[in-house]
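Beneath this line is the structure, given in structure tokens, with notes to follow.
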Amino acid sequence: GAVKKLDGKVSSIRELLFGARFGIDYYQREYRWERRQVEELIDDLTSQFGDDHDPSHPRAKVRDYRHYFLGAVITSEKEGRRFLIDGQQRLTTLSLLLIFLLRALPGSEDQANIRPLIYAEKYGTKAFTIDVEEREALLQALLNGETFEASAATDAVRTMLARYNDIEALFPADLLGDSLPFFVDWLIENVQLVEITAYSDEAAYTIFETMNDRGLRLTPAEMLKGFLLANIPTESQRNHCSDVWKRLEQQLLGIDKEAQADCLKAWLRAQHAQSIRERRAQAADQDFELIGREFHRWVKDHADLLGLSNEAGFVAFIQREYTFFAGVYQKIRQASEQLTAGLEAIYFNHSSGFTLQLPLMLSALSLDDTPDVVESKLRLVANYVDITIHRRIWGYQAIDYSTNYYRMFTLLRDKLRRRPLQELQQALCDDLASLPDFDALPAWGLTRGRMNRPQVKRFLARLTHELEQESGQPGRYVEYITASGRQAYEVEHIWAEQSWAEDRDGFRTWYPQEENFREARNRIGALLLIPKSINASYSAQPFAQKRSQYVTQNALAQTFCDQAFQNNPAFLAFLQRSGLPFQSEPEFTPEVLERRNQLYTRFAQRIWSVDRLSPGGTNDQGNS
């Protein structure tokens, strides 16, 4: 379209955001990014940085690292203000990432570099770079590390909070140490965008439409379909395959708009990818990465490997293979969204954000597996992932995508792919043998800065859920993890923060240094899950008062009280069955903490035991 005047310039993130203020028109305020898009962005950024970064480099060397292009943003200037017409989703996500990095950076000088990219301070009030009134309270809370009450917030603000939590969960742990200032330098100086400025809304929209001319741009799934159908000359066969494709497409799009592409990528990676990029600078992309980026091309280039050499091969690829894997994919997605008997681990792994479970599960399947065998293989692999995740976090090892995908791909390609049940089971047991069991390591807990709080919350939710189930009650994991607003559960410290400063009950005799006290109160044995509304009102109280509250709380909290051990035959039967030495605790001293640490270590060994990889292994040994 014809446009009067345009300016375009390439800017680094720092140049674009420093002291800037962008308005967003009312009808564009939705923030719609999903976890998957945040995951892709973090993965792209951190792997590009990781390719060039070496811990031995001086910081100035970052200047020579390669640049990364984050696309175009379109702004329109009116009444002396800049409005974002396109690029709002990316810039909003970047603001959230910058806030996360600000909170993770130890040094105030490094923080000073990114603060002005998030907000400008004028007359004591903060004006955020993306200036939308309804978002201010959330951004303020995130900056201060406070919990945000989201129940009354708009959808966009709730989505922003969810994506911030995803950033916390997905950001690679190995970058949170000495490399972080290097990464931040690279992000704000070497990551670039093109800013296109139009001087009227009309002009801005003309550009927007031209750049996003959806009429012409086919998705990779559509291009793959075109390639496959074009190679089926018999009209009746071709029409039949086209109908099959459409039916599967509708089923998958019923899950969400990315599900079809997600399913195709996961299936091709799981069943057919032979190679993955080496973990060194400037290594070339291989099957795993190419499928992720443009699977339609990859299929075309690897037609022989996939049996696509004649009409029958193309027909079978759609009618047999795609139909089979799309069906299993839907089953897995359903089990990820709601607890499903026998496949509970899929839900648990999904809530930990471990997206690699999907290709791992699909890799083990063969087209002639019966529904029962499919179910057994899914359960086996999901249980393996569940145990791996929890052994890793107990040893403070990262469970994020970028740390694990290389190892998981080699495992699925060399050990799991299309294996019969017994072999699959053996391969998974062998792999677990390389991870230390819980009792081989000291008791785990919250880290300094509490970056692993979401993991601790899920861990406590699991302990509590398994205890409830073993005691004949319904397990409430889903509630502990998903409840929001005042109903949300928080990680509660049994010892109040003030205990040491006020020297209650002789805390200073137990812990001469405040540092040791903090360390101890963050151990797993000194933590519980308590609803926020209740935690707020008595988190500062001494243990004796808290204990009287614990009676009415969840099963794990109740084990501190005498009542749990009276008239509770199912719980007592579990203690007999498991030999776990639960006992009520009238006071909470360092000895009791140590006892609880050891108790939860043994309980964790029972929950995440290799026995769950035996053919009938389920989540609760008690009933197996």
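A few comments on the model shown:
- Residue, nearest to Gln549 (Cα to Cα), within region 503-537, restricted to residues that are β-branched (Val, Ile, Thr) and surrounded by fewer than 19 Cβ atoms within 10 Å (Cβ to Cβ): Ile534
- Against the list (1) in contact with a Leu (Cβ under 9 Å, 6 or more places away or on another chain); (2) over 30 Å from Asn349 (Cβ atoms); (3) assigned to a helix (DSSP H, G or I), the condition Lys126 fails is (3).
- Options Leu435, Leu380: the member that is closer than 13 Å to Val610 by Cβ and modelled with pLDDT under 95: Leu435
- Picking from residues in region 307-340 that are under 35 Å from the mean Cα position of the chain (by Cα) and farther than 21 Å from Asp368 by Cβ, the one that is surrounded by the fewest Cβ atoms within 10 Å (Cβ to Cβ) is Gln338.
- Within region 146-190, tally of residues that are more than 20 Å from Glu109 (Cβ to Cβ) and of a type outside the set (Lys, Arg): 27
- Screening Val191 with (1) in contact with a helix residue (DSSP H, G or I) (Cβ under 8 Å, 6 or more places away or on another chain); (2) within 24 Å of Asp400 (Cα to Cα); (3) free of Cβ contacts under 8 Å to residues at least 24 places away in the same chain gives one miss only, at (3).
- Criterion violated by Leu424 - all others in (1) in the same structural domain as Leu339 (by TED's automatic domain parsing); (2) surrounded by fewer than 22 Cβ atoms within 10 Å (Cβ to Cβ) satisfied: (2)
- Cβ-Cβ contacts under 6 Å between residues 6 or more apart (or on different chains), taken from a first residue in region 225-247 that is not assigned by TED's automatic domain parsing to the domain that holds Glu321 to a second residue that is outside any loop (DSSP other than H, G, I, E, B) and of a type in the set (D, E, K, R), are absent.
Residue-by-condition table, conditions (1) out of contact with any helix residue (DSSP H, G or I) (no Cβ under 7 Å at 6 or more places or on another chain); (2) under 22 Å from Ala382 (Cα atoms):
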| position | (1), (2) |
| --- | --- |
| Gln237 | no, no |
| Glu249 | no, no |
| Leu252 | no, yes |
| Ala259 | no, yes |
| Arg269 | no, yes |
| Arg277 | no, no |
| Ala283 | yes, no |
| Gly307 | no, no |
| Tyr329 | no, yes |
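- Single match in Ala203, Ala153 (criterion: part of a loop (DSSP other than H, G, I, E, B), of a type in the set (Gly, Ala, Ser) and assigned by TED's automatic domain parsing to the domain that holds Ser56): Ala153
- Some residue of region 473-494 being over 28 Å from the mean Cα position of the chain (by Cα), farther than 21 Å from Ala564 by Cα, surrounded by fewer than 20 Cβ atoms within 10 Å (Cβ to Cβ) and modelled with pLDDT of 90 or more: no
- Some residue of region 156-176 being over 18 Å from Arg90 (Cβ atoms), touching a helix residue (DSSP H, G or I) at 6+ places or on another chain (Cβ under 9 Å) and assigned to a loop (DSSP other than H, G, I, E, B): yes
- Counted residues, region 74-85 - those being over 17 Å from Tyr119 (Cα atoms) and surrounded by fewer than 21 Cβ atoms within 10 Å (Cβ to Cβ): 4
- Region 270-283 residues that are closer than 18 Å to Asp301 by Cα, paired with ones that are exposed (fewer than 12 other Cβ atoms within 10 Å of the Cβ) (beta carbon under 7 Å, 6 or more apart): Arg277/Ala284
- Unmet criterion (only one of (1) touching a Pro at 6+ places or on another chain (Cβ under 8 Å); (2) under 30 Å from Val299 (Cα atoms); (3) among the hydrophobic types (A, V, I, L, M, F, W, C)) for Leu170: (1)
- Residue count, region 524-561 (criterion: within 19 Å of Arg453 (Cα to Cα), of a type in the set (Ser, Thr, Tyr) and modelled with pLDDT of 95 or more): 0
- In region 526-545, of all residues being out of contact with any strand residue (DSSP E or B) (no Cβ under 8 Å at 6 or more places or on another chain) and not polar (S, T, N, Q), the one that is farthest from Glu490 (Cα to Cα) corresponds to Ala544.
- Ile291 vs. criteria surrounded by 15 or more Cβ atoms within 10 Å (Cβ to Cβ), β-branched (Val, Ile, Thr), under 14 Å from Tyr329 (Cβ atoms) and out of contact with any strand residue (DSSP E or B) (no Cβ under 8 Å at 6 or more places or on another chain): no
- When region 223-273 is limited to residues that are part of a loop (DSSP other than H, G, I, E, B) and of a type in the set (A, V, I, L, M, F, W, C), the one that is farthest from Gly307 (Cα to Cα) turns out to be Ile255.
- Scanning region 451-466 for residues that are free of Cβ contacts under 8 Å to residues at least 60 places away in the same chain and part of a loop (DSSP other than H, G, I, E, B) yields a single hit, Asn452.
- Any hit, region 539-558, residues being surrounded by 14 or more Cβ atoms within 10 Å (Cβ to Cβ) and β-branched (Val, Ile, Thr): no
- Residue within region 306-314 that is touching a Pro at 6+ places or on another chain (Cβ under 9 Å), under 26 Å from Pro220 (Cβ atoms) and assigned to a helix (DSSP H, G or I) present: yes
- Among the residues listed as Phe348, Phe354, the single one being crowded, with 22+ Cβ neighbours inside 10 Å, outside any helix (DSSP H, G or I) and in contact (Cβ under 8 Å) with a residue 12 or more places away in the chain: Phe354
- Residue within region 531-548 that is β-branched (Val, Ile, Thr) and closer than 19 Å to Glu470 by Cα present: no
The values are calculated or read from the model by the stated rules, or taken from the named source; none is laboratory data. Values in this document were obtained by computation on a predicted structure and should not be read as measured data. Using ideal geometry, Cβ is built from the backbone for each residue, glycine included, and neighbour counts are taken over all protein chains shown.
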